[in-house]
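A short write-up of the structure that comes next.
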Amino acid sequence: MSVVSLSPDALQRAVDDLSGNSAAESRQVALQQFLQRGFPTPRDEDWKYTDLAKVVDISERWLAHAPDAVAEPLDESAVREIQSTIDATWLVFSNGRLNSDLSDALLSEAIDVTAIDNEALTVDDPLADLSAALMLDGISIRVGEAMQIEKPIGLLFADRATKAPQVTQARINIRLEAGSAARVIEYHLSSGDADHYSNVHIDVDTGADASLDYVRLQKRSRSHSQTQRLNARLNDRSIMRHFGLDLGGALARNDLKIDIAGAAASAEFNGLYIGAEKQHIDNHTRVDHRIGPARSVQEYRGIMSGRSRCVWNGKAIVHAGADGSDAEQANHNLLLSEHSEINAKPELEIYADEVKCSHGTTVGQLDEAALFYLRTRGLNPSDAKRILTRAFATRVVEKSPIPELHELLNLLVETRLTELGSEV
Amino acid sequence: MLEISNLNARTGDTDILHGLSLSVNKGEVHAIMGPNGSGKSTLAQVVAGHDAYEVTDGSVLFNGNNLLDLEPEERARDGIFLGFQYPVEIPGVNNAYLLKAAVNARRAHQGLEEIDAFEFLKLAREKMALLGMDPKFLNRGVNEGFSGGEKKRNEILQMAMLEPTLAILDETDSGLDIDALKAVAEGVNALRSPERAIILVTHYQRLLDYIVPDFVHVLSEGRIVRSGDKSLALELEEKGYEWVREAASA
């Protein structure tokens, strides 16, 4: 039986201790909401395959030693390496605290960055409530009307747990005003031998005709856990393109929820997850077509080896009246070991007319015919497998919306697959 | 160069080759003809080393060595090339990348250094021009979205780059229009050399108007029932495969 909730007293104390920080009122509201529901459990349909018992345990032990009391030095060299590799304007968060020494100045005429302060932070999700109640430096980013920001905004979550269990609760709001365009890179990194759990909630709101290109990169320690949610609301004719890459984490759960609230909006979201050893990686996506015409298209791919277990659940709901909606889903999985597992589920709910929806899911091994073909060209079986596995990954990596990152993403994939050794 | 004696092979529970013998010397072009199901493609796959086929009897020697002991990639590096009847599409693997990897695998086996990138491109473009291929095919996924003719040209391009000592071209003419057929034939003819042997596996005589063979063999029910020169192909065209079957059972 899983422990599903934390001690209300310990939580209340932790939230009260943070009352000197921003958003004191919102925190209390969020805490009450969280306490009503607690952590999701496998009894919730959306959490059927992902058990947060370990995350609850880490949170409990973290609360017991008074949050924020155990200072963790940032892994500065890792942060600097990322900053020198990826050209972006970086906001660096260390265990939920904004590190101003390592962060770049984002304030300009085009972008406002402010602390989240008593905004309405509730979004009908207990984990979002938890992050709202316990966040340290919650940040709001606003891109001004018609501003075109070429250089990506980098959100780097560099977490560390060396001595005691640590928990990161983070909250980011991103608002693109009408006609603006921006690019965001969300990078998750963690290190240290102690337990760590990160819970990050991101809200995106686009004005009419705005365009957002977004890449999420998760490279946490393989003994750490995270839950991450991005809720986006797309207004008229706005475009969001998203790509998520999951390489790390003992347990990683990502929720991507896109609300098509404006006509002629378009959402394209793709992702790749590579599970090995005993990793558990869960990607849940949901797109709500509330108005038509509009288009959503997604493709997720997974490569699983060892005893890893992955989940892909893609839900598309075309609401009544959202005529002329077009929703496409695809999920392809490569199982490299007989002990690995994928739980793939496309879900379509259609309540409108003149709708074009499609979904396709495949699970399989490497194509034997392709392997033989490569061998007749003189390639070793191990090289042939390596090439085919990378090709499988590259095909979705190349859909990521920030082309400057393709090389790096492919390199990270290559490195991870090489670590897995002879299996791939 | 290639010495096949009394070859028997099966896939699953089905026996396909029943005592096939064939001798191919360097510099020769052999055509292997036969009706559907006679074992033509099986012969090509067995020589290339496909593990779906089990050799139950007989031997295959390549330059005096037992070919059947070798893995498909070892056979390729030794100089055997199979042009596929249905070339496999491999999306995400760049055509140039595969060509270069294949060339380098063969070169490493020959004790040569890896081919220089510029030299490789120059060579590839030359061969492509000869085959009437657009250089942009180099940067596409292997056979990805290629038409039937483009796939077959791509096979011949690989052959031209790899310079095998023995090339087996399995139904290279199938699905080609006359222009593609001429381009492919021209590519193959350019590779005829006193040092190289070519085996053409084909159902129709048409290809042999463009690539004139030194020998023609007719396969029926898993063995060669008739051998001759190019006139045999014409005779076959005229009389049909029924003639061979009758001759075989006679």
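Results, tabulated for the structure shown:
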| quantity | calculated |
| --- | --- |
| Number of positions in the range A:365-398 that are basic (Lys, Arg), out of contact with any strand residue (DSSP E or B) (no Cβ under 9 Å at 6 or more places or on another chain) and more than 7 Å from chain B (Cβ to nearest Cβ) | 2 |
| Unmet requirement for B:Leu17, which otherwise passes all of (1) surrounded by 18 or more Cβ atoms within 10 Å (Cβ to Cβ); (2) within 14 Å of chain A (Cβ to nearest Cβ); (3) under 22 Å from B:Met1 (Cβ atoms) | (2) |
| Neighbours by Cβ (under 6 Å, 6+ apart or cross-chain): first from the range B:155-173, closer than 17 Å to B:Gly49 by Cα; second among the basic types (Lys, Arg) and surrounded by fewer than 23 Cβ atoms within 10 Å (Cβ to Cβ) | B:Thr165/B:Arg196 |
| Members of the range A:134-157 that are among the hydrophobic types (A, V, I, L, M, F, W, C) and either in contact with an Asp or Glu (Cβ under 6 Å, 6 or more places away or on another chain) or farther than 20 Å from A:Arg253 by Cα (or both) | A:Leu136, A:Ile139, A:Ile141, A:Val143, A:Ala146, A:Met147, A:Ile149, A:Ile153, A:Leu155 |
| The range B:93-120, subset facing chain A (nearest Cβ under 10 Å) and among the β-branched types (Val, Ile, Thr), residue surrounded by the fewest Cβ atoms within 10 Å (Cβ to Cβ) | B:Val103 |
| Single match in A:Ile387, A:Ile402 (criterion: within 30 Å of A:Tyr214 (Cα to Cα) and modelled with pLDDT under 95) | A:Ile387 |
| Pairs with Cβ under 8 Å, 6+ apart, first in the range A:111-127 and hydroxyl-bearing (Ser, Thr, Tyr), second assigned to a strand (DSSP E or B) and crowded, with 16+ Cβ neighbours inside 10 Å | A:Thr114/A:Ile139; A:Thr114/A:Ser140; A:Thr114/A:Arg142 |
| Every residue from the range B:80-92 that is facing another protein chain (nearest Cβ under 10 Å) and under 17 Å from the mean Cα position of the chain (by Cα) | B:Ile80, B:Phe81, B:Leu82, B:Gly83, B:Phe84, B:Tyr86, B:Pro87, B:Val88 |
| Answer residue from the range A:179-237, given it is of a type in the set (Val, Ile, Thr) and within 16 Å of the chain's Cα centre (by Cα) and is nearest to A:Gly275 (Cα to Cα) among those | A:Thr227 |
| Flag if A:Val355 is modelled with pLDDT under 95, under 30 Å from B:Ile80 (Cα atoms) and among the β-branched types (Val, Ile, Thr) | no |
| Residue in the range B:48-63 that is touching a helix residue (DSSP H, G or I) at 6+ places or on another chain (Cβ under 7 Å), surrounded by 21 or more Cβ atoms within 10 Å (Cβ to Cβ), hydrophobic (A, V, I, L, M, F, W, C) and facing chain A (nearest Cβ under 8 Å) present | yes |
| The range B:180-222: number of residues that are assigned to a helix (DSSP H, G or I) and either in contact (Cβ under 8 Å) with a residue 60 or more places away in the chain or touching a helix residue (DSSP H, G or I) at 6+ places or on another chain (Cβ under 8 Å) (or both) | 14 |
| Residue that is nearest to the chain's Cα centre (by Cα) [pool: residues in the range B:117-153 that are of a type in the set (S, T, N, Q) and under 18 Å from B:Tyr97 (Cβ atoms)] | B:Asn143 |
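The values are calculated or read from the model by the stated rules, or taken from the named source; none is laboratory data. As the structure is a computational prediction, the values presented were derived from the model and not from experiment. Because the Cβ atoms are built from the backbone with ideal geometry, glycine has one as well, and the counts that use them run over all protein chains shown.
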